[in-house]
Structure formats: C-alpha cells, structure tokens
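First the structure, in the form of structure tokens, and then the observations on it.
The values are calculated or read from the model by the stated rules, or taken from the named source; none is laboratory data. Predicted model, so just to flag it, every value in this text is computed and none were measured. FYI the Cβ positions are ideal-geometry reconstructions off the backbone, even for glycines, and counts take in every protein chain you see. Areas reflect the complete protein model, heavy atoms only, side chains present, ligands, DNA and RNA absent. Shrake-Rupley method; radii C 1.70, N 1.55, O 1.52, S 1.80 Å.
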Amino acid sequence: MSLNPPFDSKDFFAVVGSCNGLVCLFGGDSVFSKYRFFLWNPSIRKYLLLPLHQSISWRHSWENYVIGFGFDSKTHDYKVLSMRGTFVDNGNHFSAELYSLNANSWKNISNVAPKFDGWISHKSYSCSVNDAFHWLAYKMKSITETECVIMVFDLRDEVLREMKLPQCLANSSNLNLNLKVYVCGESSIAVIHQEDEKNSSIWVMKEYGVVESWVKLGTVGKRWRGKSRVLGFRCNGDALLHFNRGPGVIASQNIESKRVKNFISTVRYSDSSVYSYMESLALLDKGADVSANGTSTPK
C-alpha cells in the first residue's frame, strides 16, 4: 500500500492511532510548533484536515501532553483527544480539547482534565480500547511518594477516571521505570515494563477494569546483541518487537516459548511503531483526494 499522507516533505508527522480503517496523523512545522491533525484513509486515498485548535507546543520541556484517536460506539463518532499539562509556580495545570468527526469541530473539556498533583508520561500517545483512551500518569501522594497509574478517558460519557497498576509497577521506587500501555486482544490492555535494554516484562489485565486481574505473562527480548523493545501484539497473542540489529529487525516472539519469527528489516531502532489496520470506506464522502504522486485535491 502506498503511503502518501498530505504533509510537506520537510514537516514532522507521527501516527496517533488507527481505528476502523482510519489513521490519525499529527504533525506539521516543528520549527514554529504549528501542528495539525489529519484523518486519513489509505484504502480510498482520502484525508481530512481537522480544524485548528489550541496548538500543542513541543518546544518547552516542562509541558507534558497526551493525544489519542478512537471510536465512540454510542454516537458512532470518531474522536481525537488533545490534552496538555503545563508546570507553573502553583502546580500542574491541564487543558483539554476533544474533536468530533460528526460535528467536525473541537470543544473544550478542560473541566474533566486531571486534578491531581502530578504529570503525564511525557509526549504520550494513548491506546484506545473499549471506547476509551488509556495512558500513564504519575501522582504525587506526598513530598517523597509518587504513584504511577493509568488514566482512562471514556469517549462515551466524556469522563476521566483512574485505573490502578500492579503494586510492583505503581510504587514510587519504580518512578524511573520505562512503562508503556498497549491494547491487548480485542478488549483489554497490557503494560510493558522495559526492564533493561534487552528485556521487557509483559503485564496483562485479564478482565478489563478489574485491578485484581493483572497478571505477569512473562518476559520477552534477549534475542541478539543490542537493544530490543516491544511494539505491540499480534492477533495470536505473540509480542511484536524491534531488535536493534543493524538497521533494525521487527520480529514476532511467543511469550511462553520465546520462539522468534523474523518479519522485516526496518529503519532505525527508535523510529518504528505498529498499529492494526483494516480496510474501510470511512471518509468516502468527506475527505479530499490524494493522487498517486502524493498531491492533494480538495473534494
């Protein structure tokens, strides 16, 4: 499949997520911090440039944010979340906006932004499952204690709630651990703990929303010299990893047997990400066309 998103070749862009045949892209001019969101259907070569909203700046290290893309089954609507936190003298202030494809507009939802004294895992792209966004955040329990939790934004009711992690991952002593949250299967989530440069442990919430159902499935990696990191999961439950071997290799590893199957050589180790995709006709009546050479034609 030819990938021709409607960005200038000099622009930065990244994939926010993929849902029901649509891919959400976030990017633009990194020099002037002018970022936009796009919804793009590669199957029918159409895209939609989302209206302007309060731009997220990546130029200030004290700002932390989360962005996400998912589907609201209650209203049959695709939604994009843009939330930013800024450290100031009297604490961490959050602002949030939510885009609706049905309305083709953003609305301010800062009233549901987190009120706790803490911060979002820096530059966090959320994972979307069960009509909700999920990302990692850190709470200040006291001057000396910090707790890591999963923040959940429900797309149907537009409310924010917390989800507890296994205690061994939530403790303040694990503050500097490299943790990421991923979709696991069709209706649950997994947290990946990057233990070191080669090994990652996988924790899965067997019953979505039930804290007591967290289970450590095992550890993956340790295949070759160099670094490795988990990118996600296959439909059969195998973990997808990027091994830093030469230009990099994406491979599938069975969590129990540790058996590895190579897929493709790929780009630099830090540049790879994996998303599920299915063909659809979404945006057929709304998007602008992208020609074979990558140029766009308004509909």
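What to note about this one:
For every residue, the table says whether it meets (1) at pLDDT 75 or above; (2) aliphatic (A, V, I, L, M); (3) exposed (fewer than 13 other Cβ atoms within 10 Å of the Cβ).
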position: Gly246; (1), (2), (3): no, no, yes
position: Ser265; (1), (2), (3): no, no, yes
position: Val274; (1), (2), (3): yes, yes, no
position: Ala292; (1), (2), (3): no, yes, yes
position: Thr297; (1), (2), (3): no, no, yes
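- Pairs, first over 19 Å from Ser110 (Cβ atoms) and open to solvent by 70 Å² or more (accessible area, probe 1.4 Å) in the range 61-75, second at pLDDT below 85 and outside any strand (DSSP E or B), C-beta under 9 Å, six or more apart: Ser61/His122
- Looking only at residues in the range 248-263 that are farther than 19 Å from Cys184 by Cβ and within 24 Å of the chain's Cα centre (by Cα), the one that is modelled with the highest pLDDT is Val249.
- Residue in the range 201-215 that is in a helix (DSSP H, G or I) and open to solvent by less than 50 Å² (accessible area, probe 1.4 Å) present: yes
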